[in-house]
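The values are calculated or read from the model by the stated rules, or taken from the named source; none is laboratory data. Keep in mind that what you see is a predicted model, and the values were worked out from it rather than measured. Glycine gets a Cβ as well: all are built from the backbone with ideal geometry, and neighbour counts include every protein chain shown. Note: accessible area is taken over every heavy atom of the protein model, side chains too, but ligands, DNA and RNA are not part of it. Shrake-Rupley method; radii C 1.70, N 1.55, O 1.52, S 1.80 Å.
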Amino acid sequence: MSHTPGPWQWYGNARNREVYLATSHSGRRYVMGFRRWGMSGAQPMFQPAERGLVPADTLLTFEVGDRGVRGHEQAKADDSVYRYDIRGIDCDDARLIAAAPELLEALEKIERICGGASNFTGESVIAGIARAAIAKATGAAA
């Protein structure tokens, strides 16, 4: 897996009704944007493997049918996919976003275990790194 290296930040313009997630380095490489999908919904857009920003419907995986099917159009053409319930989005950045709660929980556990170090040790350095990431994820002061 090769997700887009961070740090990431939300950007956009409220007047233009635009919001997207991008890197805050390297010329703001898109991680996720949004596009209208029909008359009543929207879908995220991702930039997987240097392919440019693509709609999520081209990256969808499905609960039923051939696990190799990718995207809504491919699913419609494959008889094994008889329901369009989504299992996931086949993009490293999408998987990373979905894993965020578990990653935060793991960092909190690391901080609790290593945070009690009273002298400057590797454990206290690890706790500090975890604490900074937790603060960024929760909006708390570091």
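I want the local charge near Ala99. Using Cβ-Cβ distances under 14 Å, sum +1 for each Lys or Arg and -1 for each Asp or Glu among the other residues.
-3
Put simply, when 27-34, 2-9 are sorted by average Cβ atoms within 10 angstrom per residue, most first, you get 27-34, 2-9.
Looking at segment 55-142, which chymotrypsin sites (Phe, Trp or Tyr not before Pro) are in a loop (DSSP not H, G, I, E or B) and have at most 15 other Cβ atoms within 10 Å?
Details: sites: Phe62, Tyr82, Tyr84, Phe120; in loops: Tyr82, Tyr84, Phe120.
Within segment 55-142, the qualifying chymotrypsin sites (Phe, Trp or Tyr not before Pro) (loop, at most 15 other Cβ atoms within 10 Å) are Tyr82, Tyr84, Phe120.
Here the ratio of the Cα radius of gyration of segment 7-82 to 2.2 N^0.38 Å is 1.31.
Helix 92-114 axis versus longest C-alpha principal axis of the chain: approximately 20°, rounded to the nearest ten. Taking all Cα pairs closer than 8 Å and separated by 6 or more residues, the relative contact order of the chain comes to 13 percent.
Less than 5 angstrom separates the built amide H of Val81 from those of Asp66, all sequence-distant by 5 or more or on a different chain.
Can you compute log10 of I(q)/I(0) for segment 65-116 with the Debye formula, treating each Cα as one identical point scatterer, at q = 0.29 Å⁻¹? Debye output, listed in q order: -1.04. Entry comment: accessible area of segment 1-48 is 71 Å² per residue, from protein heavy atoms only and a probe of 1.4 Å. Compactness of segment 45-138 was expressed as the Cα radius of gyration divided by 2.2 N^0.38 Å, which yields 1.59. When you filter the GluC sites (Glu not before Pro) in segment 50-82 for DSSP loop state and at most 14 other Cβ atoms inside 10 Å of their Cβ, you are left with Glu50, Glu63.
Peptides 90-98, 17-25 ranked from most to least packed give 90-98, 17-25, packing being the mean of other C-beta atoms within 10 angstrom over each peptide's residues.
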